[in-house]
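Please read the structure below before turning to the comments.
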Amino acid sequence: METSQAIERPEVALRGRDVLGIGDLDAREMRAVLALAAQLKERGRAGDHPPLLEGKVLALLFEKPSLRTHATFETGMFHLGGHALYLDDRSAGLGRRESYADIARNLERWVQGIAVRTFAHANVEALAAHARVPVINALSDWEHPCQALAALFTLQERWERLEGLRIAWVGDGNNVLRSLLLGAVRLGVSVAIATPPGYELDAATLEEAGRRAAPGTVIDVIDDPVRAVRDADLVYTDVWASMGQEGEVERRRPVFARFQVNAALLARAPRHAVVSHCLPAHRGEEITDEVLDGPRSVAFDEAENRLHVQKSLLALAL
Ligand code: CP
């Protein structure tokens with residue numbers, strides 16, 4: 001298809017930059033990523049995919065399983081006229097056959113960017129320290145910045161603004177929450193966090209979020225899901241045990257039981273509030289079928305939006 005008009009490229013200096021955590025993007029840069037994502041989404045829906053990364057290759061290093069992240073990075077590079085090179089642990093022995101530092105020293109000779117999904121965040125940092133091409137965190141135990149960008153994009157699409165909105169997080173104090181909180185407050189979105197005792201977000205992240213928060217933005221840390229959702233525009237949850245914590249599932253189930261996002265909890269939120277989930281969902285645990293499949297769920301919109309925000313990020317960084 002003929003490209004009808006030129007893409008408006010936001011004037012931000014992201015070329016060559018790493019995105020190891022959402023904090024690597026300031027408020028203006030995050031807004032730029034969301035703005036370009038909106039253009040790419042609109043054009044993409046009309047079958048118009050501007051080849052902004054023609055001839056460029058993105059390496060995908062994946063130690064953990066993935067549906068959304070793998071599919072959206074690979075599809076995104078195809079749409080942008082580039083290529084994605086998928087390397088998993090079995091084929092490349094990530095960090096075992098060769099250190100992440102040496103993987104970086106090799107890959108930078110062939111590719112223009114690296115997206116990595118790994119357990120230890122130190123592996124993401126090692127790649128970034130040793131590669132002269134941008135490294136994007138596609139999920140580590142510490143952060144999931146691409147998910148946060150997709151969640152914020154979805155929220156912005158819904159309400160046509162971000163400033164002044166309020167997210168209620170209900171569940172584990174995990175990597176997705178860390179990225180979502182640090183990104184949201186910088187854009188003026190308040191966050192209420194309800195986590196079970198013993199599964200709270202760490203104090204250093206909360207302190208960092210407080211420092212980054214735009215004026216008027218509130219961070220509430222409570223252990224009561226009902227209070228958390230009371231003024232929410234978006235109720236967000238994620239699995240009770242993340243990848244690598246499978247051995248803790250049975251121990252966590254009773255602790256997290258009252259943190260399930262179900263119809264009764266949603267009834268305590270404002271009528272306009274929507275619900276999202278990082279996915280994959282453990283239906284019947286952290287979220288019920290009725291809510292995830294219900295009219296207030298935007299979880300699958302957010303999954304779609306992973307594609308658009310990552311295309312935007314890649315187009316700006318590679
Ligand atoms: N939300 C998310 O990152 O999904 P995958 O684990 O399937 O990539």
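Summary of computed values
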| quantity | calculated |
| --- | --- |
| Estimated vicinal HN-Hα couplings, Hz - segment 300-309 in sequence order (Karplus 6.51, -1.76, 1.60; Gly, Pro = x) | 7, 5, 5, 4, 4, 5, 3, 4, 6, 6 |
| Contour excess over end-to-end distance, with Cα ends at R109 and E207 and 0.36 nm allotted per residue | 31.4 nm |
| Nearest-ten-degree value, helix 145-159 long axis tilted from longest Cα axis of the chain | 60 degrees |
| Largest-first principal axis extents, alpha carbons of the chain, Å | 52, 47, 36 |
| Amide H within-cut-off set for A168, under 5 Å, with H built and near neighbours excluded | A192, D233, L234, V235, Y236 |
| Where a label projected 7 Å from the Cα of D89 along Cα→Cβ would reach, residues of segment 32-66 with amide N under 14 Å | 61-66 |
| Rounded to whole Hz, the Karplus (6.51, -1.76, 1.60) HN-Hα couplings of segment 25-37, x for glycine and proline | 10, 7, 4, 5, 5, 4, 4, 5, 4, 5, 5, 5, 4 |
| Alpha carbon convex hull of segment 279-318, projected area averaged over orientations, nm² | 3.3 nm² |
| Segment 1-68 versus segment 196-229: alpha-carbon centroid distance in Å | 29 Å |
| Angle between the chain longest axis and helix 175-186 axis [Cα atoms, degrees, rounded to 10] | 90 degrees |
| Amide H partners (placed H, <5 Å) of A84, local residues excluded | L58 |
| For the chain, built as a Gaussian network whose Cα springs stay under 10 Å, the top-fluctuating residue of L165, L206, L67 | L67 |
| Inter-centroid distance (Cα atoms) of segment 241-296 relative to segment 111-151, Å | 27 Å |
| Helix axis angle, 68-79 relative to the chain longest principal axis, alpha carbon, degrees | 40 degrees |
| Loop GluC sites (Glu not before Pro), segment 105-213 (other Cβ atoms within 10 Å of the site Cβ: 15 or fewer; DSSP) | E160, E163 |
| Cleavage-rule hits, trypsin sites (Lys or Arg not before Pro), segment 189-278, DSSP coil, Cβ neighbours within 10 Å at most 12 | R271 |
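Laboratory data are not the source of any read-out in this text; all were calculated from the coordinates shown. Owing to the predicted nature of the structure, the values given are computational and were not obtained by experimental measurement. Glycine gets a Cβ as well: all are built from the backbone with ideal geometry, and neighbour counts include every protein chain shown.
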